[in-house]
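Please read the structure below before turning to the comments.
The values are calculated or read from the model by the stated rules, or taken from the named source; none is laboratory data. Keep in mind it's a predicted model, so treat the numbers as computed, not measured. Quick reminder, even Gly has a Cβ in these numbers, built from the backbone with ideal geometry, and neighbours come from all protein chains shown. Ligands, DNA and RNA are stripped out before the accessible areas are found, and what is left, the full protein with its side chains, is counted by its heavy atoms. Shrake-Rupley method; radii C 1.70, N 1.55, O 1.52, S 1.80 Å.
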Amino acid sequence: MDAATGAAPDELLAIARHLVRLRNFRTASDLVSGLDSDELDLVDQCFVGTTLLSAQSGIASDELLAAQLRGIGQRALRPAEASRLGEWIHLSGLELSDKLGALEALPVQRTDPRAFGSVTRDLRFRAFRLRTAALEDVDVLDFFEGGERDPDQWKDNLRYVGDLVTHGHERRARALLERQLAQHGLRDRGVVEAVLRFDSGSLLDDPATIPNDHHTAPGVLALAHDLRAVSSAHAALFAACLAATAARYPSMDVYTRDSLFRVLTVKDLLPELDALAPDLRGVPDTMLGACCGRGLIAMEQGAHRDAAELLRSVLVEDPTYTAAATGLRFVYARLDDDRSVIDLRNEIGYGSASAGRPGIRSGDRDQATTLLLTGQYLRSWSVRRAAPQWRILARDLGTRFLNYQELPDDPGSSLFLIMDDGVGDEIRGAQYLAELAARYSVTATCDPRLRPLLERSFPTIEFVDVARRLRGVLNPVYDGRYSDAILASHVPVQCDPHIEAADHVTFGQNLTFNRFAGVLPRSDEGAYLVPDPDRAVPRSSDSLKVGLVWKSHFASASRRMMYLGVDRFAPLLDVEGVEFWSVQHATDPEEAAYCAEHGIRQIEDVDLFDDLEGLAGHLASMDLVIGISTVPMELAAAVGTPAWLLGFSPENYYYRTAGGATSVDQLSRNSTIIAPRWIDFSDPYERCVDLVMADCRARLVLRARAHRSV
């Protein structure tokens with residue numbers, strides 16, 4: 001801002017453009033807000049308008065846009081002008097019908113046929129995006145083809161690939177990609193990224209054929225990260241991208257560095273970021289990627305206030321930076337000043353995602369998780385009804401679909417239940433199935449790994465296999481019945497006859513809503529899943545048999561703050577009369593070695609990730625399971641084994657205890673939250689874990705003593 005003092009308008013615009021390239025929208029908005037728009041040409045006016053609504057000045061931007069649109073039909077626009085004006089209209093706060101009408105009415109010069117065609121396709125794509133965001137039932141082909149005989153010839157049509165796939169036009173997407181590969185080959189980075197993104201890179205036989213020049217591109221690094229588990233060749237591509245990026249970093253310009261840092265934060269590659277930028281000395285404060293990365297590293301190190309300051313400064317400048325918002329949610333929960341992300345969103349909004357309007361967006365993850373921390377369960381679940389996948393079903397099914405609504409008093413009617421979210425959520429939601437089966441004729445989707453357990457436990461319910469989406473599968477091919485990828489993954493084609501026949505349709509999280517609304521009864525104890533008696537596991541001793549679980553299959557910077565290392569159980573391992581077992585899936589060699597060295601027995605005959613029937617048999621043989629919230633913990637509670645959930649993080653503690661009001665788990669049965677009532681989450685992670693483990697040890701000593709006396 002100091003460099004802008006006394007600067008001429010063209011100099012101010014140059015500084016603002018630099019800041020916008022670095023996504024410093026708030027500061028850029030402050031710079032351009034005082035410019036006289038009448039003195040600017042149309043392209044510069046469009047830049048000013050989009051900058052204002054990318055921060056918190058959307059109303060001022062819309063007023064400028066309205067003035068611009070009033071006389072727009074009286075002159076033909078150069079393609080560059082029409083393109084920039086189309087972007088402004090798209091992002092603005094105008095009503096949908098006004099946006100669509102304005103885009104359609106833009107008069108574009110035809111003197112350059114190629115440029116005219118490019119901007120026409122751009123405006124058409126923006127209209128498609130607006131209609132799909134409004135959940136209109138449109139076919140992407142109408143926009144992709146746009147009356148053209150050969151839409152595959154245009155490289156800019158690669159932006160349709162993801163939508164073509166989710167709308168059921170996978171062959172058209174493949175044909176477009178093959179055409180572009182034939183025209184440009186792998187020398188074109190845009191084509192390379194589109195090919196990698198399509199169906200987990202299935203079009204590219206050998207990732208090693210990607211030119212080395214592309215390895216340092218942040219976008220290629222991001223895709224290589226997402227595909228690294230596909231094959232050893234993809235893992236090698238990811239390693240090559242990391243090495244090339246590190247080698248080229250010193251010669252990168254500020255824009256490429258910032259893009260790189262943003263990728264490293266979003267993909268949770270914080271050690272790699274730390275190696276490139278071990279501190280912020282010499283790093284411009286406009287480089288938000290570096291600031292966000294250092295904030296997330298500070299968060300992991302327990303420097304919560306430093307992390308909050310960095311992450312807040314990033315989000316104020318770029319309200320669309322989700323990695324900063326996610327980190328800030330976790331950090332604010334560990335401070336004692338009653339500040340939340342909701343408060344910040346009410347000040348800054350979501351930038352262009354909220355048309356420059358401050359205020360919390362109903363149903364946003366920031367709102368739902370913050371409400372959970374304070375024990376406002378019913379409100380936290382009810383605000384989620386704004387999720388696109390449920391709004392689409394409400395649009396298509398009308399009153400038959402229950403979107404975080406009370407279940408009907410309609411005995412004997414048919415109910416189709418979509419089990420959404422992860423397998424742990426599905427296991428937890430199954431506690432309500434017996435009550436549902438008593439009220440309705442129920443058909444429910446389920447993860448195939450759970451179906452034998454569920455059919456044995458609820459013989460009157462019909463279950464339909466629907467595998468959960470797996471992380472690491474990039475843009476899978478769907479059948480096009482639903483344009484929303486999340487909904488398409490929840491409701492594949494085999495569900496259609498059941499949905500058509502059902503009197504009512506709802507989903508698993510709505511059962512939790514109905515529990516807190518008082519419609520479904522809640523039991524704190526009691527098994528509800530019945531393991532296979534033929535796979536019952538005999539006891540090997542009279543000792544108290546205790547299972548340990550310390551992490552989920554999926555880890556990230558924020559999630560690691562809710563997980564443990566297996567070595568954190570050390571204070572428990574010498575308790576007399578206890579036989580410890582690992583029930584942790586996906587253990588690495590170091591964890592397995594620790595277990596072997598410290599007497600934690602390991603289950604050898606069961607795949608703990610895929611064989612949930614076998615895991616259930618082992619869990620049912622145990623007296624207690626201790627650890628964090630993940631599938632083995634939820635499954636243990638479901639088969640009736642007491643579960644001790646370690647409340648060393650605000651998420652583990654407040655989410656489950658109605659904001660600290662009780663130690664009885666409010667989401668899972670047979671589960672107790674273990675933590676001293678005086679725990680202070682502003683303390684470092686290590687201090688919180690030590691306190692909880694000391695409390696857990698004291699309880700375990702008493703439990704083992706009571707077991708020996710029986």
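Taking just the C-alpha trace of segment 334-428, give me its Rg and Dmax in Å.
16.6, 51
Please work out the Cα convex hull volume for segment 278-353 and give it in Å³ per residue. Mind showing how you got there, number by number?
Values: hull volume 6.0 nm³, N = 76.
About 79 Å³ per residue, rounded to a whole number.
What's the Cα-based Rg to Rh of segment 1-135, Rh via Kirkwood? Kindly include the intermediate steps, with their values, before the conclusion.
On the way: Rg = 15.2 Å, Rh = 15.5 Å.
We get a ratio of 0.98 for segment 1-135.
If you take Cα extents along the principal axes in Å from the coordinates, which of (i) 72, 61, 58; (ii) 93, 57, 50; (iii) 91, 61, 50 do you get?
(iii)
Determine Rg/Rh for segment 191-281; Rg is computed over alpha-carbon atoms and Rh is the Kirkwood hydrodynamic estimate from the same atoms. Present the calculation step by step, with values, prior to reporting the outcome.
Working: Rg = 12.9 Å, Rh = 13.3 Å.
Rounded to two decimals, Rg over Rh is 0.97.
How much of the DSSP beta bridge set in the chain is antiparallel, as a percent to the nearest 5?
Details: 1 of 33 bridges.
Close to 5 percent.
Sort all Cα-Cα distances of segment 374-469 into consecutive 10 angstrom bins from zero, then give the percent of pairs in each bin up to the one containing the longest distance.
It works out to 14, 43, 37, 5, in whole percents.
With θ set to phi - 60° and the Karplus curve 6.51 cos²θ - 1.76 cosθ + 1.60, what are the ³J(HN,Hα) couplings of segment 98-107 in order, to the nearest whole Hz, using x for Gly and Pro?
Rounded to whole hertz, the list is 5, 4, 4, x, 5, 4, 5, 8, 5, x.
If segment 618-697 were replaced by its equivalent ellipsoid, with semi-axes equal to the square roots of 5 times the Cα gyration tensor eigenvalues, what would those be, largest first, whole Å?
Values: eigenvalues 96, 35, 18 Å².
So the three semi-axes of segment 618-697 are 22, 13, 10 Å.
Could you pull the Cα extents of segment 586-644 along its three principal axes, largest to smallest, in whole Å?
Principal-axis extents of the Cα atoms in segment 586-644, largest first: 30, 23, 19 Å.
Over the Cα atoms of segment 423-548, Rg to Rh with Kirkwood Rh, two decimal places? Write out the running numbers ahead of the final one.
Working: Rg = 17.3 Å, Rh = 16.9 Å.
My calculation puts Rg/Rh at 1.02.
Using amide H atoms built 1.01 Å from N in the peptide plane, name the residues 5+ places from Phe463, or on other chains, whose amide H lies under 5 Å from its own.
Amide H neighbours of Phe463: Ala444.
In µm²/s, what is D for segment 361-407 at 10 °C and 1.306 mPa s, where D = kT/(6 pi eta Rh) by Stokes-Einstein and Rh is the Kirkwood radius from Cα pairs? Mind dumping the intermediate values first?
On the way: Rh = 11.2 Å.
The estimated diffusion coefficient comes to 142 µm²/s.
Report the label-to-label distance for Asp274 and Leu335 in nanometres (one decimal), using points 7 Å from each Cα along the Cα→Cβ vector.
So the two model labels end up 2.3 nm from each other.
Take the alpha-carbon positions of segment 121-257, form their convex hull, and give its projected area averaged over all directions (one quarter of the hull surface) in nm².
Values: hull surface 37.6 nm².
Across all orientations, segment 121-257 yields a mean hull projection of 9.4 nm².
In whole Hz, what ³J(HN,Hα) sequence does segment 602-615 give by Karplus (6.51, -1.76, 1.60; θ = phi - 60°), x for Gly and Pro?
Going residue by residue, I get 10, 7, 9, 9, 9, 7, 6, 8, 9, 9, 6, 5, x, 4 Hz, with x marking Gly and Pro.
Quick one: which of 245-251, 476-482, 497-503 comes out on top by average Cβ neighbours within 10 Å, and what's the full order, highest first? Walk me through the intermediate numbers first.
Values: 245-251: 13.1, 476-482: 17.0, 497-503: 15.1.
For the peptides 245-251, 476-482, 497-503, the packing ranking is 476-482, 497-503, 245-251.
Using only Cα atoms, what Kirkwood radius does segment 559-710 have, in angstroms?
Working: mean 1/r = 0.0626 Å⁻¹.
So the Kirkwood estimate lands at 16.0 Å.
At 1.4 Å probe size, with the rest of the protein present, what percent of the exposed accessible area of the chain is carbon and sulfur atoms? Display every interim value, and only then the final one.
Numbers: 14620 of 29880 Å².
Within the chain, the accessible surface is 49 percent carbon and sulfur.
Find the eigenvalues of the gyration tensor of the Cα atoms of segment 241-379, then list the square roots of 5 times those eigenvalues as equivalent ellipsoid semi-axes, largest first, in whole angstrom.
On the way: eigenvalues 165, 53, 31 Å².
Largest first, segment 241-379 gives 29, 16, 12 Å.
With labels modelled as points extended 7 Å from the Cα through the Cβ direction, what inter-label distance (nm, one decimal) is found for Asp253 paired with Glu604?
Simple spin-label model gives 6.2 nm for this pair.
Just tell me which lysines come within less than 17 Å, Cα to Cα, of Lys99; anything on the same chain fewer than 8 places away is out.
In chain and number order, there are no partners.
Å³ per residue of the Cα convex hull, for segment 23-74? Let's see the in-between values first.
Values: hull volume 3.7 nm³, N = 52.
Taking only Cα atoms, segment 23-74 has a hull volume of 71 Å³ per residue.
Long-range amide H contacts for Ser671: which residues qualify at under 5 Å (H placed 1.01 Å from N, peptide plane, sequence gap of 5 or more or a different chain)?
HN-HN under 5 Å from Ser671: Ala643, Asp665.
May I ask you to derive the FRET efficiency for Glu525 and His707 from their Cβ-Cβ distance with R0 = 22 Å, giving the value to the nearest 0.05? Display every interim value, and only then the final one.
On the way: r = 18 Å, r/R0 = 0.83.
Calculated value: 0.75.
Using a 1.4 Å probe, what is the accessible area per residue for the chain, in Å²? Can you show the working numbers first?
Working: 29880 Å² over 710 residues.
Ligands and nucleic acids excluded, the result is 42 Å² per residue.
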